[in-house]
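Inspection log for the structure reproduced underneath, given as structure tokens.
The values are calculated or read from the model by the stated rules, or taken from the named source; none is laboratory data. The model shown is predicted, which means the values in this text are computed figures rather than measured ones. All Cβ positions, even for glycine, are placed from backbone atoms using ideal geometry, and neighbour counts span all protein chains on display. Areas reflect the complete protein model, heavy atoms only, side chains present, ligands, DNA and RNA absent. Shrake-Rupley method; radii C 1.70, N 1.55, O 1.52, S 1.80 Å.
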Amino acid sequence: MRLTIILFKAALIAVFVALFSCKDKAPSIKIQENLVDKVYPLLDTENSRWFFFSSASRPFGMVNLSPDTEIKGAWGSGYRYKKDTIKGFSHIHAWQISGLSTMPVVLTKRNRQNIYTDFYSKFRHEAELISPGYHSLELERYQIKAELTSTKRVGFHKYSFPTNSENGILFNLNAVLGPCDNVEGGLQRVSDTELVGSVVASRTHRRPKPLKIYFKIELNTAIESVERDKTTGNYLLFLKASDEPVLMKAGISYTSAENASNNIQEELPHWNFDAVVDDSKKEWDSLLNRILIEGGSKSDQRRFYTDLWHALQGRRIISDVNGAYPDNTGEEFRIGQLPLNEIGEPKFNHYNSDSFWGAQWTINTLWGLVYPEIMEDFVHSLMQYYKDGGSIPRGPSGGNYTYVMTGASSTPFIVSAIQKGIITNDLENIYTALKKNHSKGGIMAKAGYEHITSLGGGFDHYQEKGYVPHPNPKGKFGGHQDGVSLTLEYAYQDYVLAQLAKKLGHKDDYSYFLERSENYHNVYNNEVGWMQPKDVKGFWSDNFDVYQYENGFNESNGAQSTWFVPHNLEGLAALMGGKEKAVEKLNNQFLEAEKQGFTSGTSHDLELHPDYRRIPINYGNQPSIQTAFIFDQLDRSDLTQLWSRKVATTVFGGLSPSTGYNGDEDQGLMGSLAVLMKIGLFQMNGGTEENPEYQIGSPMFDKITIELNDKYYSGGTFEISTLNNSNLNVHVKNAILNKKPFKGNSIRHNDIVKGGSLELKMNNYYGAAPN
């Protein structure tokens, strides 16, 4: 026995000597790391809006189950870190939609009479655990440990009540909840452990029609009774005593109670709570593992995977597991059915989402390269709206159009998917649908949230005069009627549509839309050197202040939006007197913006604040997030590398509830931008030309490995590595592509997706490249 122990100790010593005798050698045994554990869900939660925070949710899940600490309004609601009171656990945190708020309670003689109006509970962050797919906290008032997880369409609760307590669950179905009122809420017991119900998410300014939400509840504990409060219209479940934790499933559907029940049966037929948590983490991990990074600090890596996590949420599935979905595009509501594949499964999901305004510089590139299956799904969903309602939306909600923001923002997204080979079928029909949006009566004619008329977009003036006048001479019909921004957006989107016309051989259309794409000239004032509002008679605005916010420019000022010509930056530079003068102008804007950290404050509402709104570059909102990569197009890649790295580390660096995106994350847009800047890849025109081009920036990490989806791309992996990379060495001295010297500041899509490697040698050289 003693000999065995001696031999065992000797073997252990040998292993440790082998592993650690040479400090330059990495251990031969690697511990598998779960990237999901790097995510920091509390990022920017002091500035949350209703749909921003996520915890017990799957990627793009219909259910986004999480606690609410504020429940009034679309902004400043949901989970707000500085608030110490839980007001319920809501299952739906979506663009303009909320629903099914529940709250476990312990009933006493003292609280019984007022439980429907006095049920909130304090909680402490010290007793809270959050990770993608899981949320746990303690309701101090009731001494209840509440744990949450979910599948795509089913919320799963675990409540550990105190011993010997009278336990209940409140269903707050008739109340203000985030962006809308929940009304007509009802709940019906159908067995000792099951209930069905529904609630209506009332219409909002943005979502013009009400939306009915159906749900099915299943418990592992018997229900003693169900009570409805006459004053509030809300419900209280009295539970039979049990020594075991109470488990509750809540299946959601926008079509029927039967489909809510079916969603449970298909996605969560068992009661193993921990297994669902594990499965959720695995699903998140599988997506996060598409990009592997080496180097950088622990904080850098955590922030990177938090950004990548945000790029995969916000936009929400609205179709059931069987493909049924709500269609609100017509005069009457109907239940639609997605096409099924040969085994009876839906070919794609249908979605609810905020605008694609700014997607050309964010999810177009990230999803198109790393998650092409997601991009394809969204394109099919957008086309389903066209089939149902006759128009491709720019931000649908509740199965209907919202006309959020401006222009035809879905055009670059769809064309990018086509140019990357993600969408290959039905191209003529897609082109017809897109062209409709760029024509009279199309979506370009509508201002933000202009539901009835089609006048606020100034499209008739754009067609006739080549620009949108400011102010609109016909009056106010919606939001975001800023004429210069509308002109610039339309011109860029026309360029994009021209690229698809060219691909399909529509020569006349190609020439027509390409000519319209030059309309940016018409709002550039040579005398002042900026884009400037012009009235209907062709006169420039009086007393023009280029730093005045929203004076002809949507969510921006003139200094920020002057550079919105991604399709022809050389043409813009020519208007400014040449590339050198354009570079000097833009560089001075960055120098000034750096003093404010490149953002207009730390939240979206601060953009209007006098201390912040005059910033010349703002990385807290979409209109000027491309500017660091403009230098690449003007023969000054060193400045792209300098400023993109500074923005990445300043705006998108660090881990704190108080900051993160310094404005509005906008359902994956800013998270995607952060990821792209940190891996050093960007697409100035949104990847909309044939064999799209990626500009090379300044990667933050020593090694970046992108796993390519083999259903779409055959290359396996594409690896970007850097040598001598540091906070000072941000400039690319030379490059090697697939072991061969590589010159230039861009790389084509086909060169990336066929796999290979790009090696960048970094230094701290600063200045124009030598001739």
Exposure ranking of 503, 733, 38 by accessible area [1.4 Å probe, largest first]: 733, 503, 38
Mind jotting down the three principal axis lengths of region 403-512 based on Cα atoms? Whole angstrom, largest first. 42, 25, 19
Given Cβ point charges of +1 (Lys, Arg) and -1 (Asp, Glu) and nothing else, what value in debye, to the nearest 20, does the dipole of the chain about its Cα centre take? 920
For the chain, list the DSSP H helices whose alpha carbon atoms reach 20 Å or more along the long axis and whose average Kyte-Doolittle value is -1.0 or above? 2-20, 273-288, 372-389, 483-503
If I take R0 = 25 Å and measure r between the Cβ atoms of residue 764 and residue 570 in this structure, what FRET efficiency does the formula 1/(1 + (r/R0)^6) give, to the nearest 0.05? 0.30
Which of the lysines could a cross-linker span from residue 502 if the Cα-Cα distance has to be under 20 Å and same-chain partners fewer than 8 positions apart are dropped? 420, 435, 436
If I model a spin label as a point 7 Å beyond the Cα along the Cα-Cβ vector, how far apart are those points for residue 740 and residue 292 in nm? 2.7
Rounded to the nearest 0.05, what FRET efficiency is calculated for residue 124 and residue 282 with R0 set to 25 Å and r the Cβ-Cβ distance? 0.25
Calculated FRET value between residue 723 and residue 84, using beta carbons and R₀ = 45 Å, to 0.05: 0.40
Label-point gap, in nm, between residue 635 and residue 331 - each point 7 angstrom along Cα→Cβ: 6.2
Using a Cα-Cα cut-off of under 19 Å, which aspartates and glutamates could be cross-linked to residue 476, ignoring same-chain neighbours fewer than 8 residues away? 450, 460, 535, 550, 555
For the chain, what does the helix formula give at 222 nm: sum of -39500 (n - 2.57) over DSSP H segments with n ≥ 4, over the residue count, nearest 500 deg cm²/dmol? -8000 deg cm²/dmol
Quick P(r) readout (region 217-312; Cα-Cα; 5 Å bins; whole %) gives 2, 9, 13, 13, 15, 13, 10, 9, 8, 5, 2, 1, 0
Note: region 486-533, point scatterers on Cα, Debye, no solvent; log10 I/I(0) at q = 0.15, 0.22, 0.27, 0.30 Å⁻¹ equals -0.42, -0.68, -0.86, -0.97
Residue by residue, what Karplus-based ³J(HN,Hα) values in Hz, rounded to whole numbers, does region 732-744 have, using 6.51, -1.76 and 1.60 with θ = phi - 60° and x for Gly and Pro? 8, 7, 8, 9, 10, 10, 6, 6, 10, x, 10, 10, x
Kirkwood Rh and Cα Rg combined as Rg over Rh, evaluated for region 90-140: 1.04
Please give every one of the aspartates and glutamates within straight-line cross-link reach of residue 83, meaning a C-alpha to C-alpha distance under 20 Å, and leave out same-chain neighbours fewer than 8 residues apart. 44, 46, 68, 70, 118, 126, 128, 138, 140, 147, 605, 664
Using the reciprocal of the averaged 1/r over all distinct C-alpha pairs, how large is the Kirkwood radius of region 438-569 in Å? 14.8
Give me the one-decimal nm value for the distance between modelled label points at residue 453 and residue 299, 7 Å along each residue's Cα-to-Cβ direction. 5.2
D_trans [Stokes-Einstein, Kirkwood Rh over alpha-carbon pairs] for the chain, 25 °C, 0.890 mPa s, µm² s⁻¹: 89
Cα lying deepest toward the dipole's positive end in region 476-573, options 567, 484, 552, charges on Cβ: 567
Descending Cα extents along the principal axes, region 657-730, whole Å: 42, 33, 22
